[in-house]
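The values are calculated or read from the model by the stated rules, or taken from the named source; none is laboratory data. Just so it is clear, the structure is predicted and the values come from calculations on it, not from any experiment. We place every Cβ from the backbone using ideal geometry, glycine too, and count neighbours over all the protein chains shown. Side chains are part of the model used for accessible areas, which takes the heavy atoms of the whole protein and leaves out ligands, DNA and RNA. Shrake-Rupley method; radii C 1.70, N 1.55, O 1.52, S 1.80 Å.
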Amino acid sequence: MALELRDVNKTYEMNHVGVHALRGVSFLLAENEYVAIMGPSGSGKSTLMNIIGCLDVPSSGQYLIDGQDVSTFGEDRLAEVRNSKIGFVFQTFNLLPRADIFHNVELPLIYRGLRPARRRELAMAAIESVGLADRIKHKPNELSGGQRQRVAIARALVNDPSIILADEPTGNLDTATGAEIMAIFDELQAKGNSILLVTHEEDVARHAHRVIRLRDGLVESDAVRREAA
Amino acid sequence: MSSLHGTFEAARIALAALRANTARGVLTTLGIIIGILAVVTTMTAANGLSNSFKESASVIGADVLFVSRTPWIVMGRFFQFRNRPNLTLKEAEKLERQLHSAIAVNPSSETQRPVKFGNETRDNIRIIGTTHKQMLVSSAVPEQGRFFNAYDVQAKRRVCVIGKTIHEQLFEGLDPINKNLKVGRYDFQVIGVMEKQGSAGTFGGPDFDSQVFVPVTTFVKLFGGFNRNFDFAVKAPAGASLEDYEFEVIGEMRKIRRLHPNQEDDFAINKMESLLDAFNNVMRVVLLVGLAITGISLFVGGVGVMNIMFVSVTERTKEIGIRKAIGAKRRAILTQFLLESSVICLAGGAIGIALSFAAAEAIDRLLMPASVSLPIVGVALGVSVLVGIVAGFIPAWRASRLNPIDALRYE
Ligand SMILES: Nc1ncnc2c1ncn2[C@@H]1O[C@H](COP(=O)(O)OP(=O)(O)OP(=O)(O)O)[C@@H](O)[C@H]1O
Ligand SMILES: [Mg+2]
């Protein structure tokens with residue numbers, strides 16, 4: 001799946017004053033890329049991720065998925081894209097607190113309409129791939145932060161999405177745990193998924209092959225890392 | 001989402017969410033509980049009413065007219081009829097003579113006396129003086145022994161036919177036939193026991209199983225015939241329209257009473273239809289009261305459920321955002337919350353149904369035979385779900401329309 005942003009702007013209205021979160025962002029994302037987005041706080045990284053993840057829409061400009069303008073998609077089509085083309089990993093995990101691990105990972109499959117037997121198979125495979133097979137009956141609050149983030153990753157990849165979006169996935173984790181999470185992303189990228197992650201840490205960004213730097217809602221630099229090339 | 005299996009999944013999600021808030025859910029459903037209790041009790045009462053009506057009405061033939069002094073259903077017009085002359089045995093004879101076509105004209109009258117067998121006494125028992133033609137104008141027959149015949153009537157014999165309840169209460173399993181029953185101060189020989197007929201007590205009518213039939217001639221002789229009022233049961237000929245026949249009976253009665261054309265009838269014609277009217281009146285009141293209580297409670301309950309659903313949607317805004325972020329469509333969210341409100345209402349409905357079994361038990365013991373039937377339970381469950389869907393719709397709709405990113409950011 002190829003993504004393209006063309007002069008994307010995002011303005012929030014706050015007390016009749018426009019906050020310009022994005023001011024004309026353009027770039028292309030080919031298949032199987034590994035990109036880190038960096039930039040100071042408030043530079044628009046999360047806003048950008050939300051637009052790419054079809055959770056939010058640009059105020060102006062275009063966002064194209066495989067050449068199709070997302071603004072022409074209806075609600076249901078957007079839900080389908082979020083469900084099976086994109087896997088989202090959040091800084092704060094965003095798991096359902098009352099559901100156990102298995103149900104959390106199974107949920108995207110339910111919304112895709114799969115039968116229970118098939119769901120079980122896929123969900124178990126995803127949970128195993130993040131090494132939590134022995135925790136399926138646990139609730140999120142019975143897990144460590146790193147384990148929770150691994151559950152969130154299992155949920156993001158259970159529908160085998162083309163791209164995984166991760167907004168500061170290691171932001172709430174210690175360095176060692178963060179490294180474990182990054183190892184999972186490396187593996188996923190090696191298997192053919194695209195990874196787009198937001199981070200403040202150069203150590204984390206070092207995993208990516210390309211780094212896009214934002215400043216005040218603009219792309220400051222967009223470069224392939226020398227080591228990666 | 002494939003719909004059936006999707007619904008099942010949504011039910012599972014809804015149930016999981018509900019388990020966390022059971023107590024609050026049950027509390028708010030008090031209105032639903034009362035509403036369902038009211039609807040089940042109303043339907044059960046209406047059912048029991050209808051059954052006991054059919055039971056008691058079947059005793060009165062549909063092709064029988066009753067000439068009486070007053071209508072059965074008086075409804076506050078009592079004084080209007082106070083000065084009417086009694087119907088006498090003589091008039092019954094005249095009517096029989098003049099109504100050639102009638103299959104039977106049977107005069108009967110009643111009084112109350114204590115009855116006694118051995119040491120067992122029952123007070124205020126209805127003693128009915130009638131003739132052998134009773135068998136033609138009523139469908140009830142003796143289940144044991146026989147009814148009295150023309151000879152018994154003619155000879156003023158002291159024989160009687162007792163109701164089923166009298167048999168059970170006074171004779172306690174003994175064979176009553178040919179035993180002596182004291183009716184008032186006089187000894188009567190029991191010659192028959194009537195089959196069970198049921199009670200019209202619900203409509204202020206008599207209990208047909210607690211009465212004693214004696215020959216009208218004996219009745220007049222022992223309990224007095226002067227100043228006594230009779231009812232004439234007139235069985236219409238086969239094939240005659242009861243309405244037309246009613247005119248004929250009225251005409252003959254007016255002749256007997258020598259009424260001028262400008263004078264009103266000083267007697268009344270009753271028939272099963274009059275009972276039906278009374279029945280319908282009682283039924284209407286029961287249904288009206290029941291439906292009013294049901295409607296108000298369900299409305300209040302529905303508003304409560306709507307409220308709890310609004311709270312639930314607000315509290316779980318973030319959850320909705322997460323679900324949308326991983327691909328839930330509007331429909332899936334809508335279904336989830338509709339199911340949740342339906343399950344809350346179903347829980348209330350189930351409690352209401354359970355309580356209504358107790359209510360039916362009480363009605364059965366105090367008023368009339370009544371039991372909660374399966375179709376009624378089905379209707380009640382359906383109503384519960386319907387209230388759930390109606391009450392939950394606006395909150396669920398609102399939840400389904402939430403913007404994913406706003407919902408996700410909600411703290
Ligand atoms: N919902 C919103 N309403 C109003 N303004 C917003 C909203 N979301 C973001 N903004 C503003 O848009 C700008 C960009 O925010 P964004 O969250 O994208 O920054 P970020 O780069 O992710 O920052 P951080 O590194 O702190 O997460 C900020 O100035 C922020 O205040
Ligand atoms: Mg951010």
Selected residue (criterion: nearest to the chain's Cα centre (by Cα)) from residues of the range B:317-339 that are facing another protein chain (nearest Cβ under 7 Å) and not charged (D, E, K, R): B:332
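To keep it simple, each residue is scored yes or no on (1) in contact (Cβ under 8 Å) with a residue 24 or more places away in the chain; (2) surrounded by 18 or more Cβ atoms within 10 Å (Cβ to Cβ).
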| site | (1), (2) |
| --- | --- |
| B:41 | yes, yes |
| B:44 | yes, yes |
| B:49 | yes, yes |
| B:90 | no, no |
| B:99 | yes, yes |
| B:104 | yes, yes |
| B:143 | yes, no |
For the list (1) away from ligand 2 (no atom under 16 Å from the Cβ); (2) under 15 Å from the mean Cα position of the chain (by Cα), I need the number of the one condition that residue A:49 fails. (1)
Anything in the range B:287-315 that is over 27 Å from residue B:383 (Cβ atoms) and either within 14 Å of chain A (Cβ to nearest Cβ) or among the basic types (Lys, Arg) (or both)? List them, or say none. B:315
So the check is Cβ under 7 Å with 6+ separation or different chains; which pairs have a first residue in the range A:119-135 that's touching a residue at least 24 places away in the same chain (Cβ under 8 Å) and farther than 18 Å from residue A:181 by Cα and a second one that's of a type in the set (Val, Ile, Thr) and in a helix (DSSP H, G or I)? A:123/A:105
Take residue A:171 and tell me if it is within 16 Å of ligand 2 (Cβ to nearest atom), in contact (Cβ under 8 Å) with a residue 24 or more places away in the chain and open to solvent by 30 Å² or more (accessible area, probe 1.4 Å). yes
Need the failing condition index for residue A:213 against (1) at pLDDT below 95; (2) not in a loop (DSSP other than H, G, I, E, B), just the number. (1)
Considering every residue within the range A:149-172, establish whether at least one is away from chain B (no Cβ under 14 Å), over 15 Å from the mean Cα position of the chain (by Cα), within 16 Å of ligand 1 (Cβ to nearest atom) and within 22 Å of residue B:411 (Cα to Cα). yes
Looking only at the range A:7-17, count every residue that is within 14 Å of another protein chain (Cβ to nearest Cβ) and either open to solvent by less than 90 Å² (accessible area, probe 1.4 Å) or more than 9 Å from ligand 1 (Cβ to nearest atom) (or both) and tell me the total. 2
Right, residue B:210: loosely packed, with under 15 Cβ neighbours inside 10 Å and either among the hydroxyl-bearing types (Ser, Thr, Tyr) or in contact with a helix residue (DSSP H, G or I) (Cβ under 7 Å, 6 or more places away or on another chain) (or both) or not? no
Can you tell me how many residues in the range A:51-64 are out of contact with any strand residue (DSSP E or B) (no Cβ under 6 Å at 6 or more places or on another chain) and open to solvent by 10 Å² or more (accessible area, probe 1.4 Å)? 2
List, please: which pairs have Cβ atoms under 7 Å, are six or more places apart or on different chains, and start with a residue in the range A:73-91 that is at the interface with chain B (Cβ under 7 Å from one of its Cβ atoms) and at negative phi and end with one that is open to solvent by 40 Å² or more (accessible area, probe 1.4 Å) and not in a helix (DSSP H, G or I)? A:76/B:329; A:79/B:329
With the structure loaded, tell me whether residue B:394 is in contact (Cβ under 8 Å) with a residue 60 or more places away in the chain and within 14 Å of chain A (Cβ to nearest Cβ) or whether it fails that test. no
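Among the residues of the range B:221-230, which ones are under 26 Å from residue B:145 (Cα atoms) and out of contact with any Lys or Arg (no Cβ under 7 Å at 6 or more places or on another chain)?
Kept after step one, since they are under 26 Å from residue B:145 (Cα atoms), are these residues of the range B:221-230: B:221-223.
Within the range B:221-230, B:222, B:223 qualify.
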The range A:206-220, subset open to solvent by less than 40 Å² (accessible area, probe 1.4 Å) and more than 15 Å from ligand 2 (Cβ to nearest atom), residue nearest to the other protein chains (Cβ to nearest Cβ): A:208
Determine whether residue B:368 is open to solvent by less than 20 Å² (accessible area, probe 1.4 Å) and outside any helix (DSSP H, G or I). yes
Do we find that residue B:163 is modelled with pLDDT under 95, open to solvent by 10 Å² or more (accessible area, probe 1.4 Å) and within 34 Å of the chain's Cα centre (by Cα) in this structure? no
Would you say residue B:76 is at pLDDT below 80 and outside any helix (DSSP H, G or I)? yes
Do you know which residues across the range A:18-38 are open to solvent by less than 40 Å² (accessible area, probe 1.4 Å) and more than 6 Å from ligand 1 (Cβ to nearest atom)? A:18, A:22, A:24, A:25, A:27, A:29, A:33, A:34, A:35, A:36, A:37, A:38
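Yes/no matrix, rows are residues, columns are (1) open to solvent by 30 Å² or more (accessible area, probe 1.4 Å); (2) within 16 Å of ligand 2 (Cβ to nearest atom); (3) in a helix (DSSP H, G or I):
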residue	(1), (2), (3)
A:138	yes, no, no
A:146	no, no, yes
A:153	no, no, yes
A:182	no, no, yes
A:197	no, yes, no
When the range A:184-195 is checked residue by residue, the ones that are of a type outside the set (A, V, I, L, M), open to solvent by 10 Å² or more (accessible area, probe 1.4 Å) and either in a helix (DSSP H, G or I) or in contact with a strand residue (DSSP E or B) (Cβ under 8 Å, 6 or more places away or on another chain) (or both) are A:186, A:187, A:189, A:193
Test: residue in the range A:46-60 that is within 16 Å of ligand 1 (Cβ to nearest atom), small (Gly, Ala, Ser) and over 30 Å from residue A:142 (Cα atoms): yes
